[in-house]
Structures are given as C-alpha cells and as structure tokens.
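Here's the structure we're looking at; comments come further down.
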Protein chains: 2
Amino acid sequence: MTATPVTADVTEANAFARRIAGYKDRVERVLERALSLPDPGTDRLGEAMRYSVLGAGKRLRPTLVYLTGEALGAPLPQLDGPAAAVELIHVYSLVHDDLPAMDDDDLRRGRPTCHRAYDEATAILVGDALQALAFAVLAEESPSGPSAQLRLEMIRVLAAATGTSGMAGGQAVDLAAVGRKLPETAIEDMHRRKTGALIQGSVLLGALAAGVSGGAELAGLERFGADIGLAFQIQDDILDVEGDPAVLGKSTGADAAHAKPTYPSTVGLERARLRARELRDTAIGALAPLGHRSAALVQLANFIVNRAS
Amino acid sequence: MTATPVTADVTEANAFARRIAGYKDRVERVLERALSLPDPGTDRLGEAMRYSVLGAGKRLRPTLVYLTGEALGAPLPQLDGPAAAVELIHVYSLVHDDLPAMDDDDLRRGRPTCHRAYDEATAILVGDALQALAFAVLAEESPSGPSAQLRLEMIRVLAAATGTSGMAGGQAVDLAAVGRKLPETAIEDMHRRKTGALIQGSVLLGALAAGVSGGAELAGLERFGADIGLAFQIQDDILDVEGDPAVLGKSTGADAAHAKPTYPSTVGLERARLRARELRDTAIGALAPLGHRSAALVQLANFIVNRAS
C-alpha cells in the first residue's frame, strides 16, 4: 500500500463530508422557510413545530433526496421541496413515537422531547400539522420543475411510505412486538416499514424530481433504497447496544430498556453486523444501471454502515 | 296558503333527503374500498381504522363534495376520491381530538372512542394513517377525471384545511381557550379554522373535481363554504346546549363540562341563532354566480341551520 491512495481516499471522504454538510445547511433553510408562515393565534403550535424540526438531526432523508436527484441530473432547487417533505414526515413520526402512549421518551437529539418541552396535546398537533405541511410542500405550485404528473407520483410515494404500508404500519408492529421474541424475518419486515419505507421513499422522490419515473434506473434505486433503509436501522440497533453515548448524543440501551426486539437482540451482534454489510453490498449492486453516476450513493451506503453516530 | 305548495315542499324535501342518503351510501362503499387493502402484520391498526371510519357519521363533508361537484356537472365517479379524502381527514381529527390529552372523550357516534375500544397508541396511529390515506386517495392514478394540475390543487386545498391554517391550528386555539372567555371574533376565528376550513375545503374539492378552478363561481363557493362551515359549528354549539340527546345520539352539555368557550356561551343562545341564520343567508347569497345550479346547495344550507341532530 502506498501513501497516494490513502491521501486520495481522505480527500474524497472530506469532499463527500463537505457535500453532505452543504445539503444539511440547504434543507435547514428550506425547512425554516416552510415553517415561517405566520399563523396568528397558533403561536404555541408554530413554535413547537419549529422547536421539533429546526436545528438538529442528521437530515439523512433530505440528503438522500439531494444525492439521488443530483446523480440523475436534477437542479438543486427542484429537490428542495421533496427534501423538506421527507424530513417533515420523519420529524412528525419522531414527535408521535416519543409520546407517553408510545415509546415515552424524554430526550430527543439531546433536548427534551416535544411533549416534554410543551405538552402532550401540542405534541399530537405538531405531528398532525407537520404531516399536512409535508404534503402541502410537495404539492406547492412551481413554475419550473417536475410535471404535475410526476409530483402526483411523489405524493403517492410519500403517502405510501407514511401510512399503514410504511411508517405507521411499522410502528404498530413495533408496539405489538414489545416484550416478545420475533423471528428475524418479522424484525426485518418491521424495520423495512418503520424506517426503510421513508428512506426508500426519499431515494424515489429524488429520482422522480429528476424526471426518472420508471425503467431499470428506478427499479435499481428502489432496491437500493429498501436495502440501505434496512441497513440503516440495523446499524441503529447495533449502536444502541455498543455505541458511545458521547458520540451518539443520546443514551444507549434504550431498546433493551423498552424490551423491544431488535436485530442484535434477535440474531446477535455478529450476525447483525454481517447482515448490515450484506445489505450495503446488495444496495450498491442494485445501482449498476446508474453506472458512474452512482458514486456518491455508494459513498453514502458505506457511510450508513460504518457510522458511529 | 294552499295545500299545493306545502305538498310540493314535502316532496322536494323527501327527494333531497333521498339524494343525501344516496351520497352517504356511496361514500360508505368508497371508504370501505379504501380501507380494505390487506396489510399483513398490522391487522389491529387496520381494524381500528375501519372501526373509526365505517358505519357511522353524518358524512356531511362527502355530501358537500358530491352536491357541489354534481351542481357543476362532474360525473359521480370523479367525486368519489375527494369525498372519501375529506371524510378520512375528518375522522382522523375526531380520533385525535378524543384522546385523553385532548378532549378526553369516551363516546363518539354512540360507540366507545377509538382509544377506548383499542388503546391510546393505536388511536394516535389510526389518525396518522388516516391522514396519509386521505392524501393517497386524492393522488390516486385515475385515467379519466380531473387533470393532474387540478388534483395537485385539490391536495393543496386539503393540506391547507388540515394543517396550522385550518383544523390543527383551530384545535390548538381551542385547547388554549379552555376555561377562558374569548371575544366573539376570536370564537369565530377558532371555529372557522377548526371546523369551517374542512367544510369549505369539501366545497372547493367538489368544484375542482368538476374542473372549476377560478372565476366568480369558485369565489362564490369559497364564501359559501366558509359561511356554512361556521354556521354548522354554531348550530353544533347550540345543539350541545338545547338539543335532545335521544335525537343527537350523544349527551349534551359537553362544551360546558369541558369549560370550552362556545358561540352560545359567549354571546347567548338568541344571538347565536341569529348569527347562524345570518351566515346561512350570506352563504346562499354567495351562490348567485351559479344561478339555478345552486338549488341543492341552498337546501343543504337550510338543512345545516335547521337540523336537530
């Protein structure tokens, strides 16, 4: 091994990190704009929505929209709406999942959860209003950008990722599974819905915003999204067991404390790590139809499985 | 007065009642279809969604979609999606409003509320999934029917009626108002958002499905929807004071028990009745651009203010 490739790797990794940071800043401004409409009389609700959405979070889902969209040639401004929409849906699900009747969590992203900082009723309304806002943002009039047909398709994708076949359905399975032992396939199905569906949806929204609405490229991206979505959740479960709380910004062991069946608790840490890498590999393999345009998505897939936070 | 006009009135009223009953049956079948997609692993969630949506309810909002759409020449099948969508949003709001952290109600439409029949976490997810389903239904692919542009406009209207500027915002104001005395204008603003926005949205969706997306007709319908929406809520408040529980199918006095400021509690029953009729009159006046096609909507406006349940 010589020094040159290592330097090149580091340079490449730094460039990728800068690119991701750029997307994060960009979607922050888009979210800020979407949440700044004045609504007299609902100040507390608006404030709680801003508290929940702004200033924290990895913004993985918007990053997937931007990376996929740019890989397929979409100009960045066309990706802003879909990027904000997937994050609004993600945050609504966090706010509702944290509620006392659900996971009953007090901390999120290092701060009190929405129902702790405000109250339960407000947190329920924050989630409800964020979901509505996500669809409003996707349906917004835009003189340029994807056709109305493509935007309707984006709304169908987002609604499917959000409802019973996706996130809400996955959370229902998750709640029903507390204290039970599930077979590996059932854990996978739960994760694919609860986390995977919206991650896959983010990839698909990026593709649709770039005008790619079918063919081998979309099929490949669909598979890619499903597999990195599941890999992401498995890595999340692994970090909950062996992660460093200081790096994660949250305490570990929450899944065990909640008696939630997870990937590592079901098949062991070793098999979980192996499965995450397997999924990364099939995800990357599915990008073949994109040729060299897949480079950034490959980097992201590696990042998802190797991340420490 | 001779007997003839009375008979004609009765015949006309019966025909209108049959028409309304027909819409109710029709949307029931559409909702049944929308809720019958099999979702392995989320049986309990799907069951709770069906429990909350099917078999009960006045279906006022779907009726408004059908009446408005038919008045403007839309074929019934084109109105099924919007009619189901507004009812799904309405039911989601009922399920969430009934939660312990909100109005803490045990009965709804004569049956245990969703969180009573199931549990709180399921009720939260039912509302979340119904909202997603509403947008999915509106965005559904349909070879015939309104253009993609018009369907995006419908999604914008529904999202606005649902979020902070509509229902969720109104509920936030409502919660903040418990135990307080509000001026009449503030009560009106709260009602216009909490109930009025979705009723107005139902009228607009009917118009958009008929291809009417601007001009004097749409402006008139916008005003009509806003005013009958508010009139409907005032009549609801009146019935909560002086209605017959046997006819209503629910106990009265709930607003007073919850210390909620209402129209009658703020301005008195007489002024409330007067305001409901005033609003009916301005609503009917706003239908002028529709000419004779406004007949059924005029009947509905009268029905809303005269109803005993």
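The values are calculated or read from the model by the stated rules, or taken from the named source; none is laboratory data. None of the values given here were measured: they were computed from a predicted structure. As a convention, Cβ positions derive from the backbone with ideal geometry for all residues, glycine included, and neighbour counts pool all protein chains shown. Ligands, DNA and RNA are excluded from the accessible area calculation, which covers all protein heavy atoms including side chains. Shrake-Rupley method; radii C 1.70, N 1.55, O 1.52, S 1.80 Å.
Details
- Net charge in the neighbourhood of A:Leu182 (other residues with Cβ under 14 Å of its Cβ; Lys, Arg +1, Asp, Glu -1) is 0.
- A convex hull fitted around the alpha carbon atoms of chain B yields 132 Å³ per residue.
- Counting 0.36 nm for each residue step from B:Arg116 to B:Thr7 and taking away their Cα separation leaves a gain of 34.6 nm.
- Across chain A, C-alpha contacts under 8 Å between residues 6 or more apart give a mean separation that, scaled by the residue count, equals a relative contact order of 18 percent.
- Gyration tensor over alpha-carbon atoms, the range A:105-192, equivalent ellipsoid semi-axes in Å: 30, 22, 10
- Site pair B:Ala216 and B:Asp281 shows an inter-label distance of 2.3 nm when each label is modelled 7 Å from Cα along Cα→Cβ.
- Between B:Asn302 and B:Arg109, the modelled labels are 2.8 nm apart [label points 7 Å from Cα along Cα→Cβ].
- Expressed in units of 2.2 N^0.38 Å, where N is the residue count, the Cα radius of gyration of the range A:147-205 is 1.29.
- P(r) histogram, all alpha-carbon pairs of the range A:193-260 included - 10 Å bins from 0, percent: 20, 36, 25, 16, 4
- Of the GluC sites (Glu not before Pro) found in the range A:137-239, those that fall in a DSSP loop while having at most 12 other beta-carbon atoms within 10 Å are A:Glu141.
- In angstrom, the C-alpha Rg and Dmax of the range B:215-309 are 14.7, 45.
- Copy-to-copy label separations for B:Ala288, where each label sits 7 Å from Cα toward Cβ, in nm and ascending: 7.0
- Share of pairwise Cα separations in the range A:43-157, more than 24 Å, in percent: 31 percent
- Taken across both chains, chains A and B shield about 3500 Å² of accessible surface from a 1.4 Å probe.
- Accessible-area value, B:Asp106, 1.4 Å probe, nucleic acids and ligands omitted, Å²: 70 Å²
- Of the whole protein surface, B:Cys114 contributes about 10 Å² of accessible area at a 1.4 Å probe radius.
- Taking trypsin sites (Lys or Arg not before Pro) across the range B:37-121, the ones in a DSSP loop with at most 15 further Cβ atoms lying within 10 angstrom of their Cβ are B:Lys58, B:Arg109.
- Every Cα-Cα pair of the range A:144-290 was included, and the share exceeding 20 Å stands at 52 percent.
- Residue pairs, from the table A:Lys24/A:Lys260; A:Lys58/A:Lys260; A:Lys24/A:Lys250; A:Lys194/B:Lys24, whose Cα atoms sit over 28 Å apart: A:Lys24/A:Lys260; A:Lys194/B:Lys24
- The residues of the range B:211-309 expose, per residue, 42 Å² of accessible area to a 1.4 Å probe.
- Diffusion coefficient, µm² s⁻¹, Stokes-Einstein with Kirkwood Rh over alpha-carbon pairs of the range B:38-98 at 37 °C and 0.692 mPa s: 254 µm²/s
- Normalised by residue count, the range B:87-144 yields a Cα convex hull volume of 81 Å³ per residue.
- Cα pair distances in the protein assembly as shown, grouped into 20 Å bins until the bin that holds the longest one, percent each: 19, 52, 24, 5, 0, 0
- When the helices of the protein assembly as shown are scored as -39500 (n - 2.57) per DSSP H run of n ≥ 4 and the total is divided over every residue, the value at 222 nm lands at -22500 deg cm²/dmol.
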